[in-house]
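J.: After the structure tokens below, expect a handful of questions from me.
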Amino acid sequence: MGPLQFQLSGGLGDGPRSLTSALHERLRADILATRLLPGQKLHIAGLAKQFSVSLAAVREALSRLVADGLVQASDQRGFRVSPVSLADLADVTQTRIDIEGLALRRSIERGDEAWLATVKSAWTDLKAVPYHYPDDPTVHYEEWVVRHRIFHRALVNACGSPWLLGFRDVLHEQSERYRRLSIRREVGGKPRDVEAEHKAIVAAVIKRDADAAVRALSKHFGITKEFVELAASRIAEVSRAT
């Protein structure tokens with residue numbers, strides 16, 4: 001991890017909270033991208049020195065990540081990145097299908113034309129960027145990752161429940177770690193047409209066919225799970241390394 005760049009705004013009273021927020025976002029990004037590996041210990045003093053922040057700022061940032069489910073805290077062992085396993089993958093995937101499927105169903109029932117336009121726009125934006133880096137098909141194109149997150153959030157934004165959206169966001173982030181660990185298995189193996197999977201979801205949403213949309217979404221998440229399972233040896237390797 002390189003130097004942390006903070007963008008401070010407001011008065012001096014905003015400084016500590018801005019530092020904590022910046023550190024939280026940096027550590028969160030490193031966990032999701034697996035630059036910080038599952039199970040890796042997170043030393044408060046070491047992080048404070050590395051990023052030139054206070055011990056209190058590190059503790060608060062890590063506490064936020066515990067609430068996000070990305071970090072685990074133990075009285076005896078301190079903080080560590082939440083581990084991964086195939087059992088956890090199955091649980092995360094099924095729970096995400098349940099939660100996000102419900103949010104999608106409600107959005108289709110309640111969403112207006114403005115919401116539908118947002119879904120179409122997010123899908124168009126996602127298709128406009130490559131899935132992989134052109135010179136390295138084993139790595140996701142970072143802008144695709146950003147637009148992919150926006151696309152899936154747009155699908156459920158009209159559900160009308162902040163609680164449901166909050167649970168959905170936590171599950172999305174947990175799933176993102178597994179996808180990052182598995183991407184290398186998508187190259188030279190079983191083919192996947194992610195754009196076609198997204199197209200099926202959007203087509204059902206446009207028709208306001210909630211049952212078909214939820215089926216397409218569930219299939220999409222299930223295919224991701226299958227590719228992660230193909231990378232089981234990679235997940236085990238990462239776990240052993242920490």
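The values are calculated or read from the model by the stated rules, or taken from the named source; none is laboratory data. Only a predicted model underlies this, so the values are computations on that prediction, with no experimental measurement involved. Note that each Cβ is placed from the backbone with ideal geometry, even for glycine, and that neighbours are counted across all protein chains shown. The area values use the complete protein model at the heavy-atom level, side chains included, leaving out ligands, DNA and RNA. Shrake-Rupley method; radii C 1.70, N 1.55, O 1.52, S 1.80 Å.
J.: Would you be able to say whether some residue in the stretch 127-146 is surrounded by 17 or more Cβ atoms within 10 Å (Cβ to Cβ), assigned to a helix (DSSP H, G or I) and modelled with pLDDT of 95 or more?
T.: no
J.: Considering only the stretch 217-231, I want to know if a residue exists there that is modelled with pLDDT of 95 or more and open to solvent by 20 Å² or more (accessible area, probe 1.4 Å).
T.: yes
J.: If you don't mind, another one. Do we have ASP91 as at pLDDT below 95 and open to solvent by 70 Å² or more (accessible area, probe 1.4 Å) here?
T.: In short, no.
J.: Only one of ARG80, ARG17, ARG105 is buried (at least 19 other Cβ atoms within 10 Å of the Cβ), basic (Lys, Arg) and either out of contact with any His (no Cβ under 7 Å at 6 or more places or on another chain) or at pLDDT below 90 (or both). Can you tell me which?
T.: ARG80
J.: Go through (1) within 20 Å of ALA128 (Cα to Cα); (2) at pLDDT below 95 one by one and return the number of the condition ARG185 breaks.
T.: So ARG185 meets the others, but not (1).
J.: Next up: Taking GLN72 and the conditions (1) farther than 27 Å from LEU217 by Cα; (2) in a helix (DSSP H, G or I), which numbered condition does it fall short on, given that it satisfies the others?
T.: (2)
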